[in-house]
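Asks: Would you mind keeping the following structure in view while I ask a few things?
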Amino acid sequence: MGSFLLRRLWTGIPVLLGVSVLVFGMLHFLPGDPVMMMLTQPGGQARPMLASEVSDDLYKRMQQQLGLDRPLHEQFLNFLGRAVRGDLGSSFRSDLPVAQTIARNLPFTLELAAAALSVSIAAGVLFGTLAALRHRTWADTALMAVAVSGVSMPSFWLGLMLLLVFALELRWFPVVATQGWRALVLPAAALGFRAAAIIARLVRSSLIETLHQDYVRTARAKGLPGTGVVLRHALRNSLIPVATVVGLQFGNLLGGAVIVESVFGRPGIGQLAVQAILEKDFPVVQGVVLLTAVTYVIVNLLIDISYGWLDPRVRYR
Amino acid sequence: MSKRQSTRFALRGWAAAIAIAVVAAAAPPSGSGPAAGAPQPGGRIVWVDSRTHDNFDANVNVSRYTAWIQNQIYDPLVWQIDPDRFVPGLAESWQVGADRTTYTFKLRKDATFHDGMPFNAQAVKFMFERILDPETKSRRVGELPNYGGTDVVDPYTVRVRFTKPYNQFLENLAGGGLPPASPAGVRARGKDFARLPVGTGPFFVKEWRDEKTMVLERNPRYKWGPAFLKHANPPYLEEIVLRFVTEPTTRLLALETGETQFVSYPPEEEIERLRRNANYQVSVQVESGLVQNFPLNFASGPTRELPVRQALNFAISRKRVAQLVFFNTVNPARGPLSSRNWAFWRGVDNYFPHDPLRAGRILDEAGWKLNPTTKIREKAGQPLRLRLVTAAGFPDAKVAELAQAMWREAGIDVRVELMSDAAARKRYEEGTFEIGRLGLGFFDPDSVLYGSYHSTMIEGGGRWNRGRIVSRDLDAMLEAGRISTNTAERRQIYQRVQKWLLDNAAIVPVWEHTYVFASPATLRNVQYNLRGQPMFHAAWMAK
C-alpha cells in the first residue's frame with residue numbers, strides 16, 4: 001500500500017509540471033501586456049495614465065517589480081521554485097499574496113463542491129438503486145427521465161429556477177446569503193443535480209447487471225432477506241465503476257462551481273480564476289490552476305484507494 | 001459568433017426570460033409612493049453590487065465602479081459641483097498660483113481618520129509621495145504629472161508644486177483617486193490596506209464576512225460632509241453591507257425578496273417594470289465621458305473614404321439599439337461626448353439621423369454600387385466589406401450584431417469578429433480592422449478627447465486613437481484645450497473638436513453609457529455626485 005501511494009504520488013508530479021508549463025505558456029503567449037494594463041487601464045473615474053506619460057523608466061520599474069523583465073524560462077523556474085516552497089507570488093492587481101487569496105476563497109468552493117458531491121452521491125445511489133429494483137416499471141422510467149433531464153439541464157438555468165421557486169416564491173432559502181447551511185442548500189442542489197443524475201444512471205445499470213450474477217441468485221436461494229442481498233452483496237459490488245465516476249465528478253464539480261458561484265454570488269476559486277484571467281493576473285491564474293490540478297491528483301488517488309475497500313479482490317501493487 | 005457561444009447565449013437568454021417572467025408574476029402590486037418625512041437615523045442596508053471588488057485603496061486602484069464604494073470611505077480635499085466650481089472638502093480653502101504650478105491648501109483642523117489619527121498636512125504630503133513611490137505600484141501616477149514636491153507650510157497648510165502648469169489638478173483631486181489615507185493605517189495594515197482602507201469618509205470598513213461580503217459602519221466622528229449634500233454629520237444609516245453578485249437576475253431576485261435595499265444594474269429588461277412599481281425607485285445616471293462608439297479606421301480599408309464613414313453613420317438606428325439591446329435604459333448617442341458632459345455640443349443633433357436611403361445615395365455617388373445578386377455594394381470589383389473587431393460578451397456582441405444587420409440593409413458587408421478584450425486591443429494596435437469599439441468614462445473632455453484623437457495617441461497602451469486620425473487642425477484644437485484655463489474658452493474649443501469629428505464622420509456614436517441603480521422606495525435620499533456616483537452621506541431608511 002505504501003509503495004503504491006508513493007508511486008501514484010510520484011506519477012502525479014509530471015502531471016502537475018505539464019499543467020504548469022501549459023498554463024504559463026498560454027498566459028504569456030495570449031495578447032495583452034499586464035504592465036500596460038495595470039498602468040493605463042481605461043475606465044477609471046479620473047484620468048489614468050496615457051501611454052505617452054508611461055515613461056520607459058516607469059514601465060521598466062513596474063516590469064521589474066512584477067518580475068516580467070526576466071527571460072521566460074527564468075520566470076517559469078522562479079515560479080516553480082517558489083511554488084514548491086508554498087509561495088505562489090503576489091497578485092498583480094491587489095498585490096496580496098496569491099496563497100492568501102486562494103486560501104480565503106478555497107473553503108467556499110470546497111464547501112460547495114463537498115455539499116454538492118454529498119447530495120449527488122446520496123441522491124444518485126438512492127434513486128439509481130430504486131430504479132434498478134423497479135426495473136422496467138413506471139418508477140424506473142420516471143426516475144430515469146428525471147436523470148436524463150438532470151444530465152441535460154445547465155446548472156445556470158437550474159440555479160435560477162431553484163431561486164425562483166424556493167427563495168422568491170416559498171421564501172425557504174435566501175437569495176444571496178453566503179453564511180449558514182441555508183445558504184448552501186440551493187447552490188449545492190444546483191451544482192450536484194447533474195452529478196446525481198449521472199451517478200443514478202450508472203448505479204442503475206451496474207446494479208441491474210450485478211443482480212443477475214450467480215452469487216446474488218445463490219444468496220437469494222440461501223434464503224437471505226432481499227434488502228440484505230441488495231445492500232450487502234449486489235450494491236457494494238456495483239459501486240466500483242461508480243467510485244471512478246465520483247472521482248471524475250468531483251473535478252467537474254470544481255469546474256462547474258464557477259457558474260453556480262456566479263449565479264448565487266458566492267465567493268470561491270472559480271470566480272477568482274475568471275476575474276484573474278480577464279485581468280491577466282498571471283500569479284493568481286497559475287496558483288488556481290496548480291491547486292485545481294493538485295486536487296484532481298489527490299482525489300483520483302483517494303478513489304483508487306477506495307477500490308480496495310469496495311472490492312477486497314483489488315490489491316495494491 | 002461561434003456555435004458554442006450562440007448556444008450559451010441562447011440558454012442564458014431562455015433562463016433569464018423564464019426567470020423574469022416568474023419574477024414579474026410574483027411582483028407585488030404597485031402601491032403608494034414614498035411618504036415624506038424627517039430622516040430616521042439607524043438601520044442597515046444591503047447593497048448588492050454587480051462586480052467583485054478587492055482593492056479599495058483609492059490612491060492605488062483605478063476603477064469607476066470601485067469608486068462608487070470608495071466614495072463612502074474617503075473624502076477628497078475638494079469637491080467638484082460644476083465643471084469650474086469646486087467647494088471645500090478636507091481643504092477649507094486653497095490658492096492656485098498664477099502659472100498653475102503651485103496649489104496651496106488650508107486644511108480642516110477637526111477631521112480625523114477612521115483610526116482616530118488626525119488629518120493634517122503631513123497626511124497630504126504622505127499621500128502624494130506614496131502614490132509616486134514605485135513600491136506602491138499605484139495606477140494613479142498619471143494624476144500627478146510633473147510633480148515637484150509637497151511643502152508642509154504648517155500643520156494645516158500644505159503647498160503642492162509641479163514643474164509645469166497643471167490645469168486639471170483640482171479636478172483630479174475631486175475625481176476620487178487622490179483622497180488622503182491614514183499614514184498610520186497604511187503602515188499598520190501593509191498589504192491588507194487594499195481590503196481594509198482607512199480614510200476620513202462617512203463610513204469605515206468594519207469587516208469582510210467573506211470574499212464577497214464587506215461591511216461598512218457609520219463613522220460616528222464624521223462632521224465634515226460637504227455642504228452640497230446638506231448633511232455634514234455622521235450618516236443616518238448604521239451599516240451598509242456590500243454583497244458582490246455578478247448575475248443580474250439574482251440581484252433582482254434579492255431586491256424582490258427584500259434581502260437587499262440597493263442594487264447596481266438590475267437586468268435592463270426589468271427596469272421599466274420596476275419604474276412603474278411605486279414600491280421601487282430606479283436611478284439612471286448618464287456617464288459623462290466619451291460615448292460608446294465605433295471608431296472608424298482612417299488609415300486602411302474602405303473607411304478611409306469619407307462617404308463610407310458617413311454612410312455607416314446614416315445607416316444605423318441608435319434608437320433601435322437603445323430599445324432592443326438596452327430596453328431603453330440608455331440614451332442613443334448623438335455625438336462624441338455624452339450629453340452629461342459639460343462641453344457637450346448641441347449641434348450634434350444636426351448630424352446623422354437614421355436615414356438608410358441617404359446612406360445608399362452617398363455610397364452610390366462615391367461609386368459603391370449595389371450588386372443585385374449579392375446585395376453587397378462594390379467598387380472596381382471590390383465588395384464593400386469591413387471588419388468590426390470587438391470584445392465578446394454583453395453588450396458589445398449584441399450591439400455589433402444588430403449594427404451589422406442594419407449596415408447590411410444599406411449594402412455594407414460587415415464581418416463581426418468577437419474576441420477577448422486583450423485580443424481586440426492587440427488588433428486595434430495592429431490596425432487590422434475597419435470598425436473598432438471604444439467608450440471612456442472620464443469627466444474632463446481633455447482626458448477623453450486628447451487621448452482618443454490626438455495624432456500622438458495612435459492606439460497602444462493607454463492611447464486610444466483607434467481610428468488612427470492624423471490631423472493638424474484637430475491636434476491644434478486639442479492642444480489649445482489642454483493649455484487653456486478658461487472654462488468658457490475650453491467649452492468652445494471642445495465643441496469645435498466635436499464638430500470636426502462629426503464633419504469627418506470619424507466615429508459612429510451609438511449609445512451613452514449609464515449607471516443604473518434600483519432600491520425599494522423606503523430607501524430615501526441617496527444622492528449622486530457630478531460623475532453620477534451614489535453618495536450615502538444623508539441616505540436613510542423609512543420604517
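The values are calculated or read from the model by the stated rules, or taken from the named source; none is laboratory data. Note that the coordinates shown come from a computational prediction; the quantities given were computed from them, not determined experimentally. With ideal geometry, Cβ positions are generated from the backbone for all residues, glycine too; neighbour counts draw on all protein chains shown.
Asks: Given the conditions (1) modelled with pLDDT under 85; (2) of a type outside the set (S, T, N, Q); (3) surrounded by 16 or more Cβ atoms within 10 Å (Cβ to Cβ), report the number of the one that A:Y316 does not fulfil.
Replies: Evaluating A:Y316 over (1) modelled with pLDDT under 85; (2) of a type outside the set (S, T, N, Q); (3) surrounded by 16 or more Cβ atoms within 10 Å (Cβ to Cβ) leaves (3) as the failure.
Asks: Here are some residues: B:A476, B:A422. Which one is free of Cβ contacts under 8 Å to residues at least 12 places away in the same chain and more than 13 Å from every other protein chain (Cβ to nearest Cβ)?
Replies: When all the criteria are applied, what remains is B:A476.
Asks: I would also like to ask the following. With respect to the numbered conditions (1) in a helix (DSSP H, G or I); (2) at pLDDT below 80; (3) within 14 Å of chain B (Cβ to nearest Cβ), which one is the sole condition not fulfilled by A:L5?
Replies: (3)
Asks: Then there is this: Looking only at segment B:520-533, decide whether some residue is outside the structural domain of B:V348 (by TED's automatic domain parsing) and closer than 25 Å to B:F294 by Cβ. Don't jump to the end; show me each part of the working.
Replies: Here is the first cut: in segment B:520-533, the residues outside the structural domain of B:V348 (by TED's automatic domain parsing) are B:520-533.
From the residues that got through so far, the ones that are closer than 25 Å to B:F294 by Cβ too are B:531-532.
Within segment B:520-533 (the criterion being outside the structural domain of B:V348 (by TED's automatic domain parsing) and closer than 25 Å to B:F294 by Cβ), the answer is yes, since at least one residue qualifies.
A quick yes/no check of all residues on (1) of a type in the set (D, E, K, R); (2) more than 24 Å from B:G532 (Cα to Cα); (3) assigned to a loop (DSSP other than H, G, I, E, B); (4) touching a residue at least 40 places away in the same chain (Cβ under 8 Å):
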position: B:T150; (1), (2), (3), (4): no, yes, no, no
position: B:V158; (1), (2), (3), (4): no, yes, no, yes
position: B:N172; (1), (2), (3), (4): no, no, no, no
position: B:G177; (1), (2), (3), (4): no, no, yes, yes
position: B:P180; (1), (2), (3), (4): no, no, yes, yes
position: B:A188; (1), (2), (3), (4): no, yes, no, yes
position: B:D192; (1), (2), (3), (4): yes, yes, no, no
position: B:G199; (1), (2), (3), (4): no, no, yes, yes
position: B:V215; (1), (2), (3), (4): no, no, no, no
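Asks: If you take the residues in segment A:221-247 that are crowded, with 23+ Cβ neighbours inside 10 Å and among the small types (G, A, S), which one is farthest from the other protein chains (Cβ to nearest Cβ)?
Replies: Applying the filter and picking the extreme gives A:A234.
Asks: Another one. From the list B:E417, B:E479, B:E409, B:E430, which residue is within 19 Å of B:G142 (Cα to Cα), acidic (D, E) and assigned by TED's automatic domain parsing to the domain that holds B:P295?
Replies: Working: B:E417 fails: within 19 Å of B:G142 (Cα to Cα); B:E409 fails: within 19 Å of B:G142 (Cα to Cα); B:E430 fails: within 19 Å of B:G142 (Cα to Cα).
Among B:E417, B:E479, B:E409, B:E430, only B:E479 is within 19 Å of B:G142 (Cα to Cα), acidic (D, E) and assigned by TED's automatic domain parsing to the domain that holds B:P295.
Asks: Further, regarding this structure: List the helices (runs of 4 or more DSSP H) that sit entirely inside segment A:98-185 and contain at least 3 residues that are surrounded by 19 or more Cβ atoms within 10 Å (Cβ to Cβ), under 22 Å from the mean Cα position of the chain (by Cα) and within 14 Å of chain B (Cβ to nearest Cβ). It would help to see each step written out before you state the result.
Replies: On the way: elements: A:98-133, A:138-152, A:155-162.
The qualifying helices (runs of 4 or more DSSP H) are A:98-133, A:155-162.
Asks: Further, regarding this structure: Please find, among B:P88, B:P155, B:P83, B:P145, the residue that is modelled with pLDDT of 95 or more, of a type outside the set (A, V, I, L, M, F, W, C) and under 30 Å from B:A488 (Cβ atoms).
Replies: Details: B:P155 fails: under 30 Å from B:A488 (Cβ atoms); B:P83 fails: modelled with pLDDT of 95 or more; B:P145 fails: modelled with pLDDT of 95 or more.
Within the list B:P88, B:P155, B:P83, B:P145, the selection yields B:P88.
Asks: When you go through A:L302, A:L253 one by one, which is the residue that is within 30 Å of A:T210 (Cβ to Cβ), in contact (Cβ under 8 Å) with a residue 24 or more places away in the chain, of a type in the set (A, V, I, L, M) and out of contact with any helix residue (DSSP H, G or I) (no Cβ under 6 Å at 6 or more places or on another chain)? Talk me through it step by step, then tell me what you get.
Replies: Details: A:L253 fails: out of contact with any helix residue (DSSP H, G or I) (no Cβ under 6 Å at 6 or more places or on another chain).
Answer to the selection: A:L302.
Residues are listed down the side, and each one gets a yes or a no for (1) buried (at least 22 other Cβ atoms within 10 Å of the Cβ); (2) within 14 Å of chain A (Cβ to nearest Cβ); (3) among the basic types (K, R):
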{"residue": "B:V158", "(1), (2), (3)": "yes, no, no"}
{"residue": "B:F204", "(1), (2), (3)": "yes, no, no"}
{"residue": "B:F228", "(1), (2), (3)": "no, no, no"}
{"residue": "B:R251", "(1), (2), (3)": "yes, yes, yes"}
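Asks: For segment B:220-241, which positions are in contact (Cβ under 8 Å) with a residue 40 or more places away in the chain and part of a loop (DSSP other than H, G, I, E, B)?
Replies: Looking only at segment B:220-241, we keep the residues that are in contact (Cβ under 8 Å) with a residue 40 or more places away in the chain, and these are B:221, B:223-231, B:235-241.
Selection gives B:R221, B:K223, B:W224, B:G225, B:P226, B:K230, B:H231, B:P235, B:Y236, B:L237, B:E238.
Asks: Shifting gears a bit: Restricting segment B:316-361 to residues that are among the hydroxyl-bearing types (S, T, Y) and over 16 Å from B:Q285 (Cβ atoms), which is modelled with the lowest pLDDT?
Replies: Initially, segment B:316-361 is screened for residues among the hydroxyl-bearing types (S, T, Y), giving B:317, B:329, B:338-339, B:351.
Imposing the further condition that a residue be over 16 Å from B:Q285 (Cβ atoms) reduces the set to B:317, B:351.
Details: B:S317: 97, B:Y351: 93.
Within segment B:316-361, the match that is modelled with the lowest pLDDT is B:Y351.
Asks: Separate question: Got a number for residues in segment B:534-543 being crowded, with 22+ Cβ neighbours inside 10 Å and not in a strand (DSSP E or B)?
Replies: 3
Asks: Let me ask you something else. How many residues are outside any loop (DSSP other than H, G, I, E, B), under 18 Å from B:T514 (Cα atoms) and not polar (S, T, N, Q) if we restrict to segment B:253-266? Explain how you work it out, then say what you get.
Replies: As a first pass, look at segment B:253-266 and keep what is outside any loop (DSSP other than H, G, I, E, B): B:253-256, B:262-264.
Keeping just the survivors that are under 18 Å from B:T514 (Cα atoms) gives B:262-264.
Narrowing the set further to residues that are not polar (S, T, N, Q) leaves B:262-263.
Of the residues in that region, 2 qualify.
Asks: Go over the candidates B:T303, B:T329 one by one and state the one that is crowded, with 21+ Cβ neighbours inside 10 Å, out of contact with any Phe, Trp or Tyr (no Cβ under 6 Å at 6 or more places or on another chain), in a helix (DSSP H, G or I) and in the same structural domain as B:V399 (by TED's automatic domain parsing). Give the steps one after another, and end with the answer.
Replies: Values: B:T329 fails: in a helix (DSSP H, G or I).
Of the residues listed, the single one that is crowded, with 21+ Cβ neighbours inside 10 Å, out of contact with any Phe, Trp or Tyr (no Cβ under 6 Å at 6 or more places or on another chain), in a helix (DSSP H, G or I) and in the same structural domain as B:V399 (by TED's automatic domain parsing) is B:T303.
Asks: Still on this structure, please answer the following. Among B:E365, B:E430, B:E417, which is the only one that is in contact with a helix residue (DSSP H, G or I) (Cβ under 9 Å, 6 or more places away or on another chain), surrounded by fewer than 15 Cβ atoms within 10 Å (Cβ to Cβ) and of a type in the set (D, E)? Even if it seems obvious, please write down each step before you answer.
Replies: Working: B:E430 fails: in contact with a helix residue (DSSP H, G or I) (Cβ under 9 Å, 6 or more places away or on another chain); B:E417 fails: surrounded by fewer than 15 Cβ atoms within 10 Å (Cβ to Cβ).
Testing whether each residue is in contact with a helix residue (DSSP H, G or I) (Cβ under 9 Å, 6 or more places away or on another chain), surrounded by fewer than 15 Cβ atoms within 10 Å (Cβ to Cβ) and of a type in the set (D, E) leaves just B:E365.
Asks: Still on this structure: Looking only at residues that are of a type in the set (G, A, S) and not in a helix (DSSP H, G or I) in segment A:259-317, which one is nearest to the other protein chains (Cβ to nearest Cβ)? Don't jump to the end; show me each part of the working.
Replies: Kept after step one, since they are of a type in the set (G, A, S), are these residues of segment A:259-317: A:262, A:265, A:268, A:270, A:273, A:276, A:287, A:293, A:306, A:308.
Now narrow it down to the ones that are not in a helix (DSSP H, G or I): A:265, A:268.
Numbers: A:G265: 3, A:G268: 8 Å.
Among them, the one singled out is A:G265.
Asks: I want to confirm something. Restricting to segment A:248-276 and keeping residues that are polar (S, T, N, Q) and surrounded by 23 or more Cβ atoms within 10 Å (Cβ to Cβ), which single residue is farthest from A:N105 (Cα to Cα)? Talk me through it step by step, then tell me what you get.
Replies: As a first pass, look at segment A:248-276 and keep what is polar (S, T, N, Q): A:249, A:252, A:262, A:271, A:275.
The next check asks that each one be surrounded by 23 or more Cβ atoms within 10 Å (Cβ to Cβ); those that pass are A:249, A:271.
Working: A:Q249: 21, A:Q271: 9 Å.
This residue is A:Q249.
Asks: Could you grab me the full set of residues in segment B:258-302 that are more than 21 Å from B:R427 (Cβ to Cβ) and among the aromatic types (F, W, Y)?
Replies: If we filter segment B:258-302 for residues that are more than 21 Å from B:R427 (Cβ to Cβ), which is where we start, we get B:258-289, B:291.
If the condition is that a residue be more than 21 Å from B:R427 (Cβ to Cβ) and among the aromatic types (F, W, Y), then B:F262, B:Y265, B:Y280 are the ones that fit.
Asks: A further question on this structure: Does B:F162 satisfy the criteria of being more than 12 Å from every other protein chain (Cβ to nearest Cβ) and of a type in the set (F, W, Y)?
Replies: Details: more than 12 Å from every other protein chain (Cβ to nearest Cβ): yes; of a type in the set (F, W, Y): yes.
Yes, satisfied.
Asks: Please work out which residue is surrounded by the fewest Cβ atoms within 10 Å (Cβ to Cβ), limiting yourself to segment B:58-86 and to residues that are small (G, A, S) and out of contact with any His (no Cβ under 8 Å at 6 or more places or on another chain). Steps first, answer last, please.
Replies: Restricting attention to segment B:58-86, the residues satisfying the condition of being small (G, A, S) are B:58, B:63, B:67.
Checking the rest, the ones that are also out of contact with any His (no Cβ under 8 Å at 6 or more places or on another chain) come to B:58, B:67.
Values: B:A58: 29, B:A67: 23.
Checking each candidate, the answer is B:A67.
Asks: Next question, about the same structure. For the list (1) more than 9 Å from every other protein chain (Cβ to nearest Cβ); (2) at pLDDT below 75, I need the number of the one condition that A:Q75 fails.
Replies: With respect to (1) more than 9 Å from every other protein chain (Cβ to nearest Cβ); (2) at pLDDT below 75, A:Q75 is out only on (2).
Asks: What are the residue pairs meeting all of these: first residue in segment B:500-525, first residue in a strand (DSSP E or B), second residue crowded, with 20+ Cβ neighbours inside 10 Å and among the charged types (D, E, K, R), Cβ atoms under 6 Å, and 6 or more apart or on different chains?
Replies: Once the first residue is in a strand (DSSP E or B) and sits in segment B:500-525, its partners that are crowded, with 20+ Cβ neighbours inside 10 Å and among the charged types (D, E, K, R) give B:V510/B:R318.
Asks: Next question. Output the number of residues of segment B:267-297 satisfying the condition of being part of a loop (DSSP other than H, G, I, E, B) and under 13 Å from B:V508 (Cα atoms).
Replies: So in segment B:267-297, the residues part of a loop (DSSP other than H, G, I, E, B) come out as B:267, B:277-279, B:287-289, B:297.
Those left that are additionally under 13 Å from B:V508 (Cα atoms): B:297.
Selection size over segment B:267-297: 1.
Asks: Residue check, A:A221 against (1) closer than 30 Å to A:T178 by Cβ; (2) at pLDDT 85 or above, all met but one. Which one?
Replies: Condition (1) is where A:A221 drops out.
Asks: Tell me the residue from B:F443, B:F433 that is more than 25 Å from B:E378 (Cα to Cα) and either more than 14 Å from chain A (Cβ to nearest Cβ) or assigned to a loop (DSSP other than H, G, I, E, B) (or both), please.
Replies: Details: B:F433 fails: more than 25 Å from B:E378 (Cα to Cα).
The match here is B:F443.
Asks: Among the residues of segment A:76-94, which ones are surrounded by fewer than 19 Cβ atoms within 10 Å (Cβ to Cβ) and assigned to a loop (DSSP other than H, G, I, E, B)?
Replies: A:R85, A:G86, A:D87
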